[in-house]
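Worksheet for the structure shown next.
The values are calculated or read from the model by the stated rules, or taken from the named source; none is laboratory data. None of the values given here were measured: they were computed from a predicted structure. Glycine gets a Cβ as well: all are built from the backbone with ideal geometry, and neighbour counts include every protein chain shown.
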Amino acid sequence: MILSSMTKNGAILTAFALITTGTVALTHSLTAERIEEQEKQQLAEQLQQVLDAHHYDNQLYKDCVVITDERLGPRPEQVIYRAYKDNKPYALVMRHVTPSGYSGDINLLTAVFANGEIAGVRVTKHEETPGLGDKVEVKKSDWITLFKGQNVLSEDDSRWAVKKDGGQFDQFTGATITPRAVVGSVKQAVLFAQAEFDNLFAAPNICQGAK
Amino acid sequence: MSQVKTLFKDGMWANNPALVQLLGLCPLLAVTSTITNALGLGLATLLVLVGSNVTVSIVRNWVPKDIRIPVFVMIIAGFVTIVQLMMNAYTFGLYQSLGIFIPLIVTNCAIIGRAEAFASKNTVPLSAFDGLMMGLGFMLVLVVLGAMRELIGQGTLFDGADLLLGPWAAALRIEVFSFDNQFLLAILPPGAFLGLGLLIAAKNVIDTQIKSKQVVTPEVEKGPRARVTSLT
């Protein structure tokens, strides 16, 4: 009696598991292409914000290296995209991350030209306080655009700090930690790019196969 | 017909999942910082609720009582995953701002609550209607709370609506007043608790007023409820 009801219930559960998993798998296969497209489009938009696509002539997402370097943040494996113009190295677009924000990691995207000048910086992901630290987002404030055209002269370039620490970048009212973390992280990333620019372009491309 | 009317009244007011049953508080409190987010999660929940209610109602005669809960959980989890994939594919921006809260619809007790309390005992059309009304009632509270918090916190309404509804909706954004600094309390989670508390209080005030106007009829004593917010 118990055995037969167990078998029956087991069979019904299995049937439901198969049906629901099947439906989810079907939906996944139907939407996978579109999701990938959306992600690619979002990546292109992000890259466009830091580096104008009119000024280089390769597909950035097809040319990248993956690097672990503490100047790009403590988390391993940051992606660096390489832009060429007339087959000559033009700029690097680096993902980097800083743990020194007010809450959680701040993920950044920084583009640097061959001469070491910054083409653009954007925050791609953060968990800073809404209304205070989130002014590093370009949607909330144009603070992040101040980096464009700047250069880092050396490791102890005193301009690369918030005004409170004697540098040239404004802090926000009520939030100093966030801009301080962003300024520091961008500075390190730019120094990294300047030091390793040629090496990075010499490294093998691992995004070749990207569709 | 009267049953439809009761379902409508229950979902929207008398047994509202957010204001009376206090179900689904986790997404409710987390995403209501703007109208757009509230509407997005409200729609997703509505879709899952109607879908799971209909499915549970269809299979109700084939599922033995002993294994109904795992079956309901599978159905709900399946629907949530499908909605998540759809949102990822078609409303990418919103998917990113709602982020982890979409899988949390699974944990929204309002959904399994309706499956167990209503859909497993009623016909398909009635269950669909119940899901619709409960979902709408939930969404309504989300949107009202979202509007309150967005207005007090940022001074805007419909900020970022284009993420949900497409580029044309950017024109919906209304800047009611502008601050130099946003009113943080409204945007952070405590603001959600305070806002929900005020909404429940307002509902109770209205209920008391309606009751005091009506002729007092002796009410049949009901069994005790685990969680209710209305005064007895």
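Assorted remarks:
- Scanning the stretch A:58-78 for residues that are touching a Lys or Arg at 6+ places or on another chain (Cβ under 8 Å), closer than 17 Å to A:E196 by Cα and touching a residue at least 24 places away in the same chain (Cβ under 8 Å) gives A:D63, A:C64, A:V65, A:L72.
- Test result for A:K135, crowded, with 20+ Cβ neighbours inside 10 Å and of a type in the set (D, E, K, R): yes
- Exclusive hit being free of Cβ contacts under 8 Å to residues at least 12 places away in the same chain and either not in a helix (DSSP H, G or I) or not polar (S, T, N, Q) (or both), set A:G104, A:G22: A:G22
- Within the stretch A:159-169, one or more residues are of a type in the set (S, T, N, Q), without any contact (Cβ under 8 Å) to a residue 40 or more places away in the chain, surrounded by 13 or more Cβ atoms within 10 Å (Cβ to Cβ) and assigned to a loop (DSSP other than H, G, I, E, B).
- Residues that are over 20 Å from the mean Cα position of the chain (by Cα), under 19 Å from A:G22 (Cβ atoms) and surrounded by 23 or more Cβ atoms within 10 Å (Cβ to Cβ) within the stretch B:51-94 comprise just one, B:V71.
- Residues in the stretch A:173-186 that are within 18 Å of the chain's Cα centre (by Cα) and surrounded by fewer than 21 Cβ atoms within 10 Å (Cβ to Cβ): A:G184 alone.
- Selection from the stretch B:74-104 of residues that are more than 10 Å from chain A (Cβ to nearest Cβ) and β-branched (V, I, T): B:I100, B:I102
- Taken together, the criteria exclude B:L98 from residues that are among the aliphatic types (A, V, I, L, M), in contact (Cβ under 8 Å) with a residue 60 or more places away in the chain, within 21 Å of B:L196 (Cα to Cα) and surrounded by fewer than 20 Cβ atoms within 10 Å (Cβ to Cβ).
- Those helices (runs of 4 or more DSSP H) of the stretch B:87-171 in which 2 or more residues are under 23 Å from A:V24 (Cα atoms) and in contact with a Pro (Cβ under 8 Å, 6 or more places away or on another chain) occupy B:109-114.
- Near pairs, Cβ below 7 angstrom, 6+ apart or cross-chain, from the stretch A:32-57 (within 14 Å of another protein chain (Cβ to nearest Cβ)) to any residue that is of a type outside the set (F, W, Y): A:R34/B:A89; A:I35/B:N88; A:I35/B:A89; A:Q38/B:A89; A:Q46/A:L109; A:Q46/A:R122; A:Q46/A:T124
- Selection from the stretch A:124-153 of residues that are closer than 22 Å to A:R82 by Cα and within 14 Å of chain B (Cβ to nearest Cβ): A:T124, A:K125
- One residue stands out among those in the stretch A:113-132 that are closer than 23 Å to A:K88 by Cβ and of a type outside the set (A, V, I, L, M, F, W, C): the one that is surrounded by the fewest Cβ atoms within 10 Å (Cβ to Cβ), which is A:N115.
- The residue that is nearest to B:P190 (Cα to Cα), among those in the stretch B:130-167 that are of a type in the set (G, A, S), at pLDDT below 90 and buried (at least 21 other Cβ atoms within 10 Å of the Cβ), is B:G153.
- The single residue among A:D105, A:D63 that is among the acidic types (D, E) and touching a Phe, Trp or Tyr at 6+ places or on another chain (Cβ under 8 Å) turns out to be A:D63.
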